[in-house]
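Contents: one structure, followed by commentary.
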Amino acid sequence: MTSRYLVRSVCALAGPGGTVIAVALFAAWAALAPSEALAAQPTPWQIWSQAAATPTMERIDALTLYLNVLMVVIVILVTALIVFVMWRFHHRRHPEASKRGHNTVLEIGWTLVPIAILLTVVGPSLRLLYFMDQTTEADMTVKVIGHQWYWSYEYPDHGGFGFDSFMKWEGELAPNEPRLLAVDQPMVVPAGATVRLLLTSTDVIHSWGVPSLGIKTDTVPGRISETWFRTKEPGVYYGQCYELCGVNHGFMPIEVRAVSPEDFERWVEETRAAFAPTLPDDPAAPSVTVAETRPDASNPLR
């Protein structure tokens with residue numbers, strides 16, 4: 001599905017010549033891209049981005065492929081011009097240097113061509129920026145809060161419960177869980193639902209990023225940032241803080257689990273019941289996370 005989307009997008013972005021360009025380089029892209037089964041985390045010797053799990057990441061992949069194709073074409077053309085000039089104006093073929101000082105047509109050409117190239121990049125880039133900025137038709141909202149050095153998640157549409165998410169250390173890992181990426185309490189969302197994310201921080205600037213979801217948004221103290229995603233199918237998707245936020249910057253990963261709507265409703269009921277003792281009686285009061293119920297939760301190194 002992603003492969004077909006990339007080809008169609010490049011064709012649309014580049015115009016009539018896009019089909020030829022896409023077909024010429026698609027084989028190379030296919031060899032470099034990771035398999036769909038390993039979209040949740042990096043793979044050994046990976047060159048291309050992780051396989052897209054959201055419409056946003058599909059568009060990012062399409063724009064990346066388009067820009068790489070454009071750069072390859074420019075490099076080939078410039079190299080060909082340099083080789084032609086070296087051949088055409090070699091001293092054996094052109095023993096007397098030209099005394100011409102200006103060429104109006106040439107100067108206008110090498111000014112307009114870069115402008116035209118930039119315009120072919122501006123349009124797709126702005127469309128992507130507006131597409132990934134925010135959504136007005138979200139099915140649910142999750143609030144993401146960055147701390148030194150862990151994440152908190154709150155679900156205002158499902159009773160307002162919240163919890164803290166800490167990285168699992170090597171002795172806590174279950175079979176097949178990736179080291180430095182697995183967490184004790186992942187964010188859980190229903191697959192196929194449009195999820196609005198509200199992101200902030202309590203101390204320093206963090207950055208909530210999940211490559212396969214096409215998200216990397218800063219969490220700034222005193223400010224609410226907004227973005228969104230919609231997973232195509234159930235799966236587990238990993239990310240981490242992408243801002244240099246302190247000594248334990250590398251130990252605050254992100255785990256997003258997309259499950260079926262039925263499993264999500266069961267998870268909401270179980271999680272809300274588990275956190276019920278820490279929730280205030282007043283629904284308008286701010287939710288309380290479960291940091292106090294986790295041993296040594298206040299110590300990120302534990």
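Derivation of every value follows stated rules applied to the coordinates shown; laboratory data play no part. This is a predicted model, so every value here is computed, not measured. Note that each Cβ is placed from the backbone with ideal geometry, even for glycine, and that neighbours are counted across all protein chains shown.
Summary of computed values
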| read-out | value |
| --- | --- |
| Dipole magnitude of the range 140-293, debye to nearest 20 (Cβ charges: Lys/Arg +1, Asp/Glu -1, about Cα centre) | 520 |
| Bins of 5 Å, starting at 0 and running to the largest distance - Cα pair percent for the range 140-293 | 2, 10, 18, 23, 23, 16, 7, 1, 0 |
| Euclidean distance between Cα centres, the range 219-260 to the range 92-160, Å | 23 |
| Asn103 paired with Asp203, simple spin-label distance in nm, labels 7 Å along Cα-to-beta-carbon | 6.2 |
| Distance cut-off 12 Å, percentage of C-alpha pairs in the range 157-211 lying past it | 79 |
| Dimensionless Rg over Rh [the range 29-166; C-alpha; Kirkwood] | 1.22 |
| FRET efficiency estimate (nearest 0.05) - Cβ-Cβ, Leu180 to Asp139, R0 35 angstrom | 0.65 |
| Cβ-based exposure ranking for Arg92, Arg257, in which fewest neighbours within 10 Å come first | Arg92, Arg257 |
| Set of lysines near Lys216 by C-alpha distance (under 27 Å), chain-local residues within fewer than 8 positions excluded | Lys143, Lys168, Lys232 |
| Nonlocal amide H pairs with Gln240, under 5 Å, H built at 1.01 Å | Gly209, Ile254 |
